[in-house]
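Note sheet for the following structure.
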Amino acid sequence: PGAYSNFVFSKIGNAGILNLMKYIKKKDATFISAIAYRDSRESKVFCGKVNGIISKKILGNAGFGYDPIFIPKGYKKTFAQDLKLIAVEKLCRWLKNFS
């Protein structure tokens with residue numbers, strides 16, 4: 001859904017997306033996340049990108065949004081089964097080295 005991901009999710013949810021994709025053989029997808037940090041001295045945006053596929057069914061309870069239907073490349077579980085917050089992870093590493 002790209003730039004319309006929030007609209008699509010709020011209208012049809014993961015079940016609707018899986019229904020639309022049930023006859024599509026190639027289920028490649030890219031999961032992109034971003035988080036921003038700002039204090040009185042600076043602002044910084046952290047982005048993460050993971051390639052993967054859309055699963056055949058909703059799996060897992062962790063995370064939010066598309067996490068239950070996205071399987072990262074090289075893994076067998078969805079983000080909702082084995083949550084890896086890629087942008088948050090980058091922010092945490094930066095904050096650790098910030099002080």
(message) Residue by residue through the stretch 57-63, what is 3J(HN,Hα) from phi via Karplus (6.51 cos²θ - 1.76 cosθ + 1.60, θ = phi - 60°)? Round to whole Hz and write x for glycine and proline.
(response) 8, 6, 9, x, 10, 7, x
(message) Could you compute how fast the chain diffuses translationally, taking Rh as the Kirkwood radius over C-alpha pairs and applying Stokes-Einstein at 4 °C with viscosity 1.567 mPa s? Give it in µm² per second.
(response) 88 µm²/s
(message) For the chain, what does the relative contact order come out to in percent, with C-alpha contacts under 8 Å and a separation of six or more?
(response) 23 percent
(request) As a check on your grasp of the helix formula, calculate [θ] at 222 nm for the chain: sum -39500 (n - 2.57) over DSSP H runs of n ≥ 4, divide by the residue count, round to the nearest 500. (result) -9500 deg cm²/dmol
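Values in this text are rule-based calculations from the coordinates and carry no lab data. Model, not experiment: these values are computed from the prediction.
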